[in-house]
Structure formats: C-alpha cells, structure tokens
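Trainee: Please read through the structure below; I'll follow up with questions.
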Amino acid sequence: MTAATPRVSPVTLDRVSVSIGGRPILRDVDLAVRAGEMVTLLGPNGSGKSTLVRTVTGLLPHTRGEVRLFGTLLGEFAEWQRLGFVPQRSTATTGVPSTVREVVASGRVGRRRLFRPTSGEDRRAVEAALEVVGLAGRSSYGVSQLSGGQQQRVLIARALAGEPDLLVLDEPTAGVDLPNQQALADALASLKARGATILLVAHEIGPMMPLIDRSVVMRDGRVAYDGPPLSQEVASHTHHAHDHPDHLDHAGTHDHAPHVASPLDFERRRR
C-alpha cells in the first residue's frame, strides 16, 4: 500500500434501519468509522447504541440500508477474525467453569485452522493479552472468582488475543470501579497504538477520554451529533437526559427512546 492509497473504512453504515418486533429502533443511520479511529457512542438507554453495535457485528439483522465491514457488505463478509467484540459484562461468565486463560485462549479460535492444535503464536498472543489487561497473575483463576471489573478485562483480553483490526465494545465500563476503568483504558491504548479501530459504547468516559477521536450521540434511533470528542460532563448529560411531556411523535405518543438534547444545546446552556 502506498501513502496515496486510501484506507477503507472498517465500518460504514448507509441509511441503516433496524426494527425489532415491528418497532423501529434505528432509523436511517449514516456512520463511517475510519481506520485507526476510536469512536465512542453516547446517548441514553433505548437510544439505539447497543442495537447499532449488534447490527455492525452481525448479531441483529437490519431491515434497510447497507452495512459494510472493511468495504464488504455485511452479508458477504467472511473475515470475522478481523473483528473483536466485547459484550456487556452480564455475559462474561457461563454455567461452565472456565479459567481466565481458557476464556482468553478462546479468542484465538478464529485465527486457527480447523482441528489445528494450539501453536506457539497462539500462546504468545494469549500471554500478551493477559499482560496488557494486568491479569497475567490470575490466569489460573476461575472467571467466577473475579470481580465484575476484572471479568470485563478478561473479555477484553479475549478480544485482544485475536489481534483484531476492529474492536467493538458495548459499555465495558458499566459498574466498573476507577482502577479497573484505568486498566481498560491502558488495554485500549495498547490496541490503538497497534493501529486498530475501536467503536465503543459508553456512558462513563473516565480515563479513556484522551484516546477518543470522535463522539457520536444517538437520539431516538438517529445520530444527533457526530463530531469532536465531548467532555465527560456533556457525555454524562447525554446519557442521563430524559424525555419531557411535550416531546411527542406525530401520533401524539411518546417515541420508543428518551429524548436527548443536542450536546451543543447543553454547551450553550452552560454559558
């Protein structure tokens, strides 16, 4: 690749809509995440953030528009080893006892050929991922023995072990204390330094603020703001804002999601 060759955007959404049970959740969303960027998705519960990332990762079908990963239509995309997904913490453990190392090693499955044994490269990637998230000393622990914040770090290590070009995270800091937030930020900084692209759903920015290149605020299933990173104060406001009685749809009923004022409106009110 020459310096003049444009880099394909890892994520492109073109007028994407998603409905669940006949109810519109995403409405004509346009979004492009450029290579090497860290983009954070903000907005209140129900605004469409998690639906958007689940659509990007192929976990939810879209009803209209186009989703492309690395320039390829989602339905034709086959290089899933290039994508890492960190779900919300509630899915960090299962009923099957697993050690930290076993969970992290499962992130290498997409990098191995079918029925091939674990290689030295696989082991090195797992060790490196454990080091990055600060859990090398707990690799033999059962995941259920860890705190919630440490479990979230295990999920990030699993994604890192796969050496993804695109990492998608769904609220990794929810309910996580500050030391674990810092560990998460350090892990993401390491991944970003390697040139990876990061799409992050969050309502607590915390130590990750210096890493963010763009903020995108969702409102009622649409993009209400897409621009420079928002401060922690504004980000917190966008998450906790609520609907008012006069914010009604054309049929006179409340929309499916709480209303979020534009971050720019909030900045003006502070003056």
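The values are calculated or read from the model by the stated rules, or taken from the named source; none is laboratory data. Please read all numbers here as calculations on a predicted model, not as lab measurements. For neighbour counting, all protein chains shown are included, and Cβ atoms are generated from backbone atoms with ideal geometry for every residue, glycine included.
Trainee: Would you pick out the residues in segment 20-66 that are touching a helix residue (DSSP H, G or I) at 6+ places or on another chain (Cβ under 7 Å), at pLDDT 95 or above and more than 16 Å from Met218 (Cβ to Cβ)?
Mentor: Met38
Trainee: Tell me which of these Ala235 doesn't satisfy, since it passes every other one: (1) in contact with a strand residue (DSSP E or B) (Cβ under 7 Å, 6 or more places away or on another chain); (2) at pLDDT below 90; (3) surrounded by fewer than 18 Cβ atoms within 10 Å (Cβ to Cβ).
Mentor: Single failed check for Ala235: (3).
Trainee: Taking segment 188-201 on its own, how many of its residues are surrounded by fewer than 22 Cβ atoms within 10 Å (Cβ to Cβ) and at negative phi?
Mentor: Qualifying residue count, segment 188-201: 5.
Trainee: Another question, if that's okay. State whether the residues of segment 73-86 include one that is under 17 Å from Ile20 (Cβ atoms) and touching a residue at least 40 places away in the same chain (Cβ under 8 Å).
Mentor: No.
Trainee: Would you check which residues across segment 120-157 are surrounded by 15 or more Cβ atoms within 10 Å (Cβ to Cβ) and among the basic types (Lys, Arg) and list them?
Mentor: Arg138, Arg153
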